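Following: one structure in structure tokens, then a few remarks.
Bear in mind that the values in this text are calculations on the coordinates, not laboratory data. What you are looking at is a predicted structure, and each value in this text was computed from that prediction instead of being measured. Ideal geometry is used to build each Cβ from the backbone, glycine not excepted, and the neighbour counts take in all protein chains shown.
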Amino acid sequence: MILLTGATGYLGSQIARELIAQRRPFRILGRDPSRLAFNPVEVGVDVVTGDLRDPSAVRQAVRGVEAIIHTAALVKTWVPDRRHFWQTNVQGLTDLLREAAEAGVRRIVYTSSFIALGPSSDVKAGEELRHRSPYANDYEETKAQALVWLRNQKGQFPVVTLLPGVIYGPGPKTEANLVGGMIEQYLAGKFPGLLGSGEQRWSFAYNGDVVAAHLAALDRGVPGEEYLLAGDNRSLNDFFRLLTELSGVHHRVLHLPFWAGKLMGEIELMRAKLTGLPPQVTPGVVEIFKHDWVYSGEKAVRQLGYHVTPLEEGLAKTLEARHG
């Protein structure tokens, strides 16, 4: 039996679909099972209602399972109470691992993120990277802190750590699906513009590849090891050029100076604090757009059989899925 956390999220929902397709028995820990993209009763999936901040739910969820795929995280640019980032992304991980150890769980696949390693302009950069603060926002900081904590455990827990690049592809329109949101805005003619020159590079990781890597890590990942699931390292200008060609939709992409983005972010942040409504942009998001985020997934390719789908092919599949 496998425990899957984050099954209503962007990546977790796709892992759940693949587990169902492979008829692998699994259990879900989730706050709101009604948000699942499938009927758990119909497919024989066990559900424990609760979240990572609920010790009794976590204890119940890990009971009797042999392995865990832990994708759950607070993936947002801002929440009214910033303590929730720590409680979910750091404390949630530590509590889950300790309960798993008590329950005798043999393997945990933990979904970290490229952002925990920090910016990189080197396409050969790998798992040896160490984040150098300052951090741009609470999500980046807590994902980095969780990774540091895990590294300091020196193999105390049987964890295989995966660090996906910027994930894109078919899936629900959650806040974690950043690229999907950009695609929808562009196609609707509502994309506000790119920050900076657009020559900033991202490591675009197709979600089908990332899902396959999670299941491969479950079967043959080495506990204590980290695997960067880097994707196709391309500039944002390349991304929008390909999106235009593949979709046949032609909209001009504006380029906004970073100072204007920072000013807009400060205004949006003040509005969010007054109203409780999420900001459209924050100064932290602007800071993230200033950097390159490119890496090498060579270790994952070699040890997990990880496949990197070219951006052209992945974008074509993503657009096709919109009409499917």
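Descriptive notes on the structure:
- For region 280-324, the residues whose amide N sits under 18 Å from a probe point set 7 Å from the Cα of LYS173 along the beta carbon direction are 280-281, 318-324.
- Length released on extending from PHE258 to GLN22, taking residue separation times 0.36 nm less the Cα-Cα span: 80.4 nm
- Cα gyration tensor shape of region 64-161, rounded if a/c is under 1.5, else prolate or oblate by comparing a/b with b/c: oblate
- For the pair region 39-88 / region 286-308, the C-alpha centres are spaced 26 Å from each other.
- Gain upon complete extension [ARG59, ARG241; 0.36 nm per residue less C-alpha separation]: 60.7 nm
- For region 2-322, share of DSSP beta bridges that run antiparallel, in % to the nearest 5: 10
- Under the criterion of Cα pairs below 8 Å and six or more residues apart, the relative contact order for the chain equals 19 percent.
- Cα-Cα over 23 Å, subset of LYS76/LYS290; LYS173/LYS262; LYS76/LYS143; LYS173/LYS299; LYS76/LYS273; LYS143/LYS317: LYS173/LYS262; LYS173/LYS299; LYS143/LYS317
- The stretch between VAL41 and LYS290 holds 85.0 nm of extra length on full extension. This uses 0.36 nm per residue minus the Cα-Cα distance.
- Packing-based ranking of 285-297, 236-248 yields 285-297, 236-248, ordered from highest to lowest mean Cβ neighbour count within 10 Å.
- Each Lys and Arg contributes +1 and each Asp and Glu -1, all at the Cβ; summed about the Cα centre of the chain, the dipole is approximately 360 debye.
- This model, with +1 at the C-beta of Lys and Arg and -1 at the C-beta of Asp and Glu, gives region 222-281 a dipole about its Cα centre of some 420 debye.
- Over the chain, DSSP H runs of length four or greater, each weighted -39,500 (n - 2.57), average out per residue to a 222 nm ellipticity of -12500 deg cm²/dmol.
- For the chain, hydrophobic long helices are taken as DSSP H runs at least 18 Å long by C-alpha position along their axis with mean Kyte-Doolittle hydropathy of 0.0 or more; these are 207-220, 258-275.
- Label positions at MET1 and GLU102, each projected 7 Å from the Cα along the C-beta direction, are separated by 1.7 nm.
- For the pair GLU313 and GLU184, label points projected 7 Å from Cα toward Cβ lie 2.7 nm apart.
- Spatial separation of Cα centroids for region 235-284 and region 96-157, in angstrom: 28
- Candidates LEU97, LEU277, LEU19, ranked by Gaussian network fluctuation over the chain, Cα under 10 Å, top entry: LEU277
- Region 138-293: C-alpha gyration tensor shape, a/c 1.5 cut-off, then a/b vs b/c: oblate
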